[in-house]
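*Asks:* One structure follows; several queries about it will come next.
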Amino acid sequence: MNLLKSYFLPRLSQWLITILIGVTVTFILPRLLPTDPVERTLSTLSSLQTMDPRAVESLKEALEDLYGLGGSPFEQYINYWKRLIRGDLGPSLSAFPTPVIEIIGAGLPWTVGLLTCTIFISWILGIVLGTLAGYLPKKLWCQIMDKIFISIYPIPYYILALILVMAFCYHFQVFPLVGGASGKPEISWSYLSSILWHSFLPATSLIVGSTAFRFIMAKALTSTIIASDYVNYAETAGLSRWRIVLFYVIRNTLLPQATDLGLSIGGIFSGTVITEIVFSYPGIGYSLYMGLLQADFNLILGITVFSIVGIATAALLVDLSYPLLDPRVRYK
Amino acid sequence: MKIIKDLFKYHLSFRFGAIILLLIFLLATLSFFSPYEAAKRRVVPKNEAPSFDHIFGTTSLGQDVFWILTFAIRNTLIIAGLAVLIGRSIAVILGSFSGYVGGTTDRILQSIVDSFIVIPRLPLLILISFVLKGELNFLHLALILGFLDIAWPSKRYRSQILSLREQEFTYTAVFSGMNTFKIILKEHFPFFIPYLLADAVSGFLWAIGIEITLAVLGLCDLTTPTIGTMIYWGNYYQALLMQRLWVLAAPVITSIFIVVGFYLISTSLSEYLDPRTRLKRLGTRE
Amino acid sequence: MSIIAEAKHLKAYYITQSYGIERTVKAVDDISIEIKEKEVLGIAGESGCGKSTLLKVLLGTIDPPLKIVDGTMQYEFEESYNVLSMSKDEIKQIRWTQVSYIPQGSMHVLNPVRKIRDIFHDFIATHQNLNKSETTKLSQDYLQKLGLSGQVMNAYPHQLSGGMRQRVTIALATILSPKLVFADEPTTALDVLVQRGVVQLLKEIQQREGSTLVLVSHDMGVHANLADRIAILYAGKLVEEAETQSIFKNPLHPYTQYLIESLPRLDDKTERSSIPGRPPALDNPPEGCRFHPRCPHAMDVCTKEVPPLVDIGEGHKTACFLVSEEKT
């Protein structure tokens, strides 16, 4: 148990540090503007709509905490944290007075759904294909796959998504262009299947890019592991190929890839944001974009802070499950 | 240099990547001979499909797609190049410093670096660009991109330094009384520089990808032609809906060539430099 | 004693091609040797003399860039097996049940993410149709017979000490009672006490199962303890072959003489001498006798012709013009 503490504790503290640094960065950024951002926002908002004076007051309070310049920097910082810990990210400016956290809540299931599906599928595909390609590098189909993935990997997520949209939404008109689903939200086959239908293309675009990365990683790792002593010995002893691939190769390549997963969640999330924008998929990435178009600074700030905390936490959870995979960490 | 000659002769992917990049650089230099100025609009008839006069067609802003593309390539490459230069330089200093100094300083620095690796960069970038709205020109963009791509590279450089430190020849040098700085310069640098080059090339990938993404979201200076802004304007004028594919196809296809070219170069370079893969390539199984 | 395995004029080279540069390393250059049933044959030599490659060829694990250029390798079990012409699958059939291998560096040959019990099951079940509980019982009994605690079964490799791992690997290699066992430097990287334990273990297994053991080691002490016959390898060629006693009491080849001379002796406090010079690189070996640049008795013929392995008497063979000329 002591050792688990020596493993868990550092990671927990790193999690806290990451959140600390991320939140501090978001604290500093809006205050870099020469003019008071609160005044700016309030004047912009009041020019767009007339508001209930009490609503304005609560808005002003929120803004002061979030990016106001009142009081010493230290006081500002504390107030900022106080707001965040309460989960209060202020009201959205474009959808006033809906709280930002509510908008995030609405979009979150879509994003998380997309994210987890992508990670799951691209991981399995990437690892299986990559390991096979690393184990049987001379086979033709492995070499073809290699060439294909090498060409896909460097392409930015945006371009991949755009190509898919161009091909399947405009040219071949197969998939719907907008939205996450059609019809009323309910537990019915038609609604659920429309979710699948709408998310097929966005998911594919994400999965293609992520699988390419996993494939390349898995292939490289496999090439190293098959040169290791224990794989060589197992082969000398005549163990069957599938047994070697499963228990001797993949099991061992999983370890560095698991460490890698925590670090790459941020990248996949960025890809998700882009994909949502291209496909108008109603997740928090899309809300971020909307916030951008409508100059809704609260929303942008709120989503950024939220995603930093969310991803740091996801990375922590992944890291904490590593001992399950590696007996060298589990038992000293 | 011998490395480049060797790679070109014997390594297929390097040859491929090099040829692609050569073409791209050619196009970029063509921008200096463009009959139209980059910033001018409505210099040619709008929305024309590819023809003899305008091989890639024209845009909705009245610009020749081909010539704008040459400017776009040049600008995108410059932005990415600056970003890589700035970013990797800082990463080298940070990574080497952390690696050589070691101890608590190293641990603290690594903790900060790890935080930046986890933090998703795109939302942060959107936030930054929004805050700096209007002030985001070329140079600022390159600076920000550079700063945001320090974490991972500095970690890689640090581990290179760490492994160099543990090598036999380092101990020999230390025991023979060689001054630390001299050791770093004379013994370690020759190993480090090629690695740095191969790694720097891969920095282009992220920088270009992010430049495109940011421009498409409308976050940078939209008057300067870059690959990203070409796509932005294409979308703005509904190129997809209006079946004016050439406006988008040109930058999209070009961007694919650019990144694939850079990627092939960087992987073949690092494969060449890695003694293990060299040995393995000589005798693979089955 | 009948012959259980025979190598004839084996030539195995590493041929590599990279960026237009071709390089050939003649690791095994015309080696012929007989392995007799139930004996312990020691193969001795310095690092880089081709011992490990020879072992690979004897075992039949030939992977690129290693290439068999000439020669045959035959096993004589109940059936004859022409090792070099068999397919990979055919060879794997007789592994572990007839031919086995104890590798160098047994620290790393056990899969780090698998328990010892599962590793044993993997290896046994490949060759025999037994389920998990049967293999576990078999392994446990065998380990206990060898003096290893049954607890080992539930451990992961990293939880065991280096010496334990070496012994587990030896058990793993011999559990199906193979007739021919190849061991590559089984005592290297172990401390002296553990070395002794390993040597005892090997002796015990060999005697009890009546198997043939081929032992590769640069440690003459191990050979003195275990081997019935010793073959000395130098720069890819066999330079001497004789019964252990003869090698130690009457080394004929100058190289062997140096080897024996350099061993410490309890009763002799004079300074040990080592051989001048260094072993040759195998991609560009010297002309004629490969040892001639370092040999104090080198003659003119030694620089031109390769001395053949000649039987001097009572099975004591040596490849040296000096010795063979003396006898004629």
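Here, each number is a calculation from the coordinates, and none is a lab measurement. Owing to the predicted nature of the structure, the values given are computational and were not obtained by experimental measurement. No Cβ is skipped: glycine too gets one built from the backbone with ideal geometry, and neighbour counts run over all protein chains shown.
*Asks:* Using the alpha-carbon centroid of each, what span in Å lies between the range C:12-47 and the range C:254-328?
*Replies:* 19
*Asks:* Further question on the same structure: Could you tell me the relative contact order of chain B? Use alpha-carbon pairs under 8 Å, at least six residues apart, and round to a whole percent. Write down the numbers at each step before the final one.
*Replies:* Values: 340 pairs, mean separation 77.3, N = 286.
This gives 27 percent for chain B.
*Asks:* With charges only on Cβ, +1 for K and R and -1 for D and E, what is the dipole size of chain A about its Cα centre, in debye, rounded to 20? Please list the in-between numbers first.
*Replies:* Details: 21 positive and 19 negative charges, 285 e Å.
My answer is approximately 1360 debye.
*Asks:* Another question, if that's okay. On the Cα set of the range B:2-281, report Rg and Dmax in Å, please.
*Replies:* In Å, with Rg to one decimal and Dmax whole: 22.1, 74.
*Asks:* Here is a follow-up. Pop the C-beta distance of A:Glu102 and A:Ser58 into the FRET formula with R0 = 22 Å and round what comes out to the nearest 0.05.
*Replies:* Values: r = 15 Å, r/R0 = 0.68.
Approximately 0.90, to the nearest 0.05.
*Asks:* In whole Å and largest first, what semi-axes does the C-alpha gyration tensor of the range A:108-293 yield when each eigenvalue is scaled by 5 and square-rooted? Don't skip to the answer; put the middle values down first.
*Replies:* Details: eigenvalues 265, 53, 47 Å².
So the equivalent ellipsoid measures 36, 16, 15 Å along its semi-axes.
*Asks:* Among C:Trp96, C:Leu54, C:Met164, pick out the residue whose Cα is farthest towards the positive end of the charge dipole of chain C, where Lys and Arg carry +1 and Asp and Glu carry -1 on C-beta, about the Cα centre.
*Replies:* Highest projection toward the positive end goes to C:Met164.
*Asks:* Would you work out which of C:Ala155, C:Ser139, C:His121 lies farthest towards the positive end of the dipole of the range C:106-177? Charges go on Cβ: Lys and Arg +1, Asp and Glu -1.
*Replies:* Result: C:Ala155.
*Asks:* Quick check: pseudo-label points 7 Å beyond the Cα along Cα→Cβ at C:Asp300 and C:Ser273, how many nm apart are they?
*Replies:* 2.6
*Asks:* Estimate the FRET efficiency between B:Gln238 and B:Asp53 by the formula 1/(1 + (r/R0)^6), using the beta-carbon distance for r and 22 Å for R0, to the nearest 0.05. Let's see the in-between values first.
*Replies:* Values: r = 24 Å, r/R0 = 1.08.
Computed FRET efficiency for B:Gln238 and B:Asp53 comes out at 0.40.
*Asks:* Taking neighbour Cβ counts within 10 Å as the exposure measure, how do C:Ser47, B:Ser268, A:Ser287 sort from fewest upward? Mind showing how you got there, number by number?
*Replies:* Details: C:Ser47 9, B:Ser268 23, A:Ser287 28.
So the residues, fewest neighbours to most, are C:Ser47, B:Ser268, A:Ser287.
*Asks:* What do you get for the angle between helix B:138-148 and the principal long axis of chain B? Use alpha-carbon atoms, 0 to 90 degrees, nearest ten.
*Replies:* 40
*Asks:* Express in nm, to one decimal, how much length is gained between B:Tyr36 and B:Ile253 on full extension, taking 0.36 nm for each residue of separation and deducting their alpha carbon distance.
*Replies:* Details: separation 217, 0.36 × 217 = 78.12 nm, distance 2.24 nm.
Value of the extension gain: 75.9 nm.
*Asks:* Counting only other chains, what is the mean number of Cβ atoms within 10 angstrom of the Cβ of each residue in peptide A:261-268? Write down the numbers at each step before the final one.
*Replies:* Numbers: counts 0, 3, 6, 2, 2, 9, 6, 1.
Mean shielding by partner chains, rounded to a whole number: 4.
*Asks:* Quick one: 3J(HN,Hα) in Hz for the range B:238-245, Karplus 6.51/-1.76/1.60 with θ = phi - 60°, rounded, Gly and Pro as x.
*Replies:* 6, 4, 5, 4, 8, 6, 9, 4
*Asks:* Right, next: Based on the Cα atoms of the protein assembly as shown, what semi-axes does the equivalent ellipsoid have, where each is the square root of 5 times one gyration tensor eigenvalue, given in whole Å with the largest first? Can you show the working numbers first?
*Replies:* On the way: eigenvalues 857, 199, 148 Å².
After diagonalising the Cα gyration tensor, the semi-axes are 65, 32, 27 Å.
*Asks:* OK, next. Charges only on Cβ, +1 for Lys and Arg, -1 for Asp and Glu: so what's the dipole of chain C about the Cα centre, in debye to the nearest 20?
*Replies:* Values: 36 positive and 41 negative charges, 221 e Å.
For chain C, the charge dipole is close to 1060 debye.
*Asks:* Here is a follow-up. For chain C, can you list the cysteines whose C-beta has no other cysteine C-beta under 4.7 Å from it?
*Replies:* Flagged as lacking a Cys partner: C:Cys49, C:Cys295, C:Cys320.
*Asks:* Ok, one more. If you place +1 on the Cβ of every Lys and Arg and -1 on the Cβ of every Asp and Glu, how big does the dipole about the Cα centre of the range C:106-177 come out, in debye to the nearest 20?
*Replies:* Values: 8 positive and 4 negative charges, 26 e Å.
I would put it at about 120 debye.
*Asks:* Another question, then. Amide H neighbours of C:Val310 under 5 Å, counting only residues 5+ apart in sequence or on other chains, H built in-plane at 1.01 Å?
*Replies:* C:Thr318, C:Ala319, C:Cys320
*Asks:* Give me a single rounded figure for A:285-298: the average over its residues of other chain Cβ atoms within 10 Å of their Cβ. Display every interim value, and only then the final one.
*Replies:* Numbers: counts 3, 0, 0, 5, 3, 0, 2, 8, 2, 0, 2, 1, 3, 0.
Taking all residues of A:285-298 together, the mean is 2.
*Asks:* Using 7 Å Cα-to-Cβ label points, what is the C:Leu193/C:Val69 separation (nm, one decimal)?
*Replies:* 4.8
*Asks:* What are the residues whose amide H is under 5 Å from the amide H of C:Gly42, where those residues sit 5 or more places off or on another chain and H is modelled from the backbone?
*Replies:* Here the answer is C:Leu215, C:Asp228, C:Arg229, C:Ile230, C:Ala231, since their amide H atoms fall under 5 Å of that of C:Gly42.
*Asks:* Just subtract the alpha-carbon distance of A:Lys147 and A:Ser188 from 0.36 nm times their residue separation and send over the number in nm, one decimal.
*Replies:* So the extension gain works out to 10.5 nm.
*Asks:* While we're on this one: What's the long-distance tail for chain A, i.e. % of Cα pairs beyond 24 Å? The partial results should precede the final answer.
*Replies:* Working: 35610 of 54946 pairs.
Here the long-distance tail beyond 24 Å is 65 percent of all Cα pairs in chain A.
*Asks:* May I ask you to evaluate 6.51 cos²θ - 1.76 cosθ + 1.60, the Karplus curve with θ = phi - 60°, for each residue of the range B:149-160 and list the ³J(HN,Hα) values in order in whole Hz, giving x for glycine and proline?
*Replies:* 10, 9, 4, 4, x, 5, 5, 5, 4, 4, 5, 4
*Asks:* In peptide C:112-122, how many Cβ atoms from other protein chains are near each Cβ within 10 Å, on average?
*Replies:* Values: counts 9, 11, 6, 1, 0, 0, 1, 6, 0, 0, 8.
Mean partner-chain Cβ count within 10 Å for C:112-122: 4.
*Asks:* Among the aspartates and glutamates, which fall within straight-line cross-link reach of C:Lys88, defined as a Cα-Cα distance under 12 Å, with same-chain neighbours fewer than 8 residues apart omitted?
*Replies:* A:Glu235, B:Glu286, C:Asp63
*Asks:* Could you work out which residue, out of B:Gly102, B:Gly261, B:Gly228, moves most in a Gaussian network model of chain B, that is, has the largest mean-square fluctuation with Cα springs under 10 Å?
*Replies:* Greatest mean-square fluctuation among the candidates belongs to B:Gly102.
*Asks:* How would C:Ile15, C:Ile170 line up from fewest to most surrounding beta-carbon atoms within 10 angstrom? All intermediate terms of the calculation are to be shown ahead of the outcome.
*Replies:* On the way: C:Ile15 16, C:Ile170 22.
Ordered from fewest to most neighbouring Cβ atoms within 10 Å, C:Ile15, C:Ile170 come out as C:Ile15, C:Ile170.
*Asks:* Percent of alpha carbon pairs in the range C:106-177 separated by more than 14 Å? Let's see the in-between values first.
*Replies:* Numbers: 1338 of 2556 pairs.
Value for the range C:106-177: 52 percent of Cα pairs lie more than 14 Å apart.
*Asks:* Can you give me the distance in nm between label points at C:Asp228 and B:His140, each placed 7 Å from the Cα along the Cα-to-Cβ direction?
*Replies:* The two pseudo-label positions are separated by 8.8 nm.
*Asks:* Here's another thing I want to ask about it. Order these by the 10 Å Cβ neighbour count, fewest first: A:Arg83, A:Arg214. Spell out each step's value before the answer.
*Replies:* Working: A:Arg83 18, A:Arg214 27.
Listing A:Arg83, A:Arg214 from fewest to most nearby Cβ atoms yields A:Arg83, A:Arg214.
*Asks:* If I stretch the segment between C:Asp311 and C:Ser133 completely, what's the gain in nm (0.36 nm per residue apart, minus their alpha carbon distance), one decimal? Provide the component values of the computation, followed by the final result.
*Replies:* Details: separation 178, 0.36 × 178 = 64.08 nm, distance 5.26 nm.
The C:Asp311-C:Ser133 span can extend by a further 58.8 nm.
*Asks:* Right, here's the next one. So what's the Cα pair-distance distribution over the range C:223-270, bin width 5 Å, in %?
*Replies:* Bins of 5 Å from zero give 5, 21, 29, 25, 13, 5, 1 percent of pairs.
*Asks:* Let me ask you something else. Taking amide H positions as placed 1.01 Å from N in the peptide plane, with prolines and chain starts having none, which residues 5 or more places from C:Ser100, or on another chain, fall under 5 Å of its amide H?
*Replies:* It is C:Leu180, C:Val181, C:Phe182, by chain and number.
*Asks:* Defining a contact as two alpha carbons under 8 Å apart and six or more residues distant in sequence, what relative contact order in percent does chain A show? Mind dumping the intermediate values first?
*Replies:* On the way: 356 pairs, mean separation 82.9, N = 332.
This gives 25 percent for chain A.
*Asks:* Any chance you could list the semi-axes, whole Å, largest first, of the equivalent ellipsoid that the Cα gyration tensor gives for chain C, using √(5λ)?
*Replies:* They are 36, 23, 19 Å, listed from largest to smallest.
*Asks:* While we're looking at this one, here's another question. Report the relative contact order of chain C, percent, no decimals, based on alpha-carbon pairs under 8 angstrom and at least 6 residues apart. Numbers along the way, then the final one.
*Replies:* On the way: 577 pairs, mean separation 64.2, N = 328.
So the answer I get is 20 percent.
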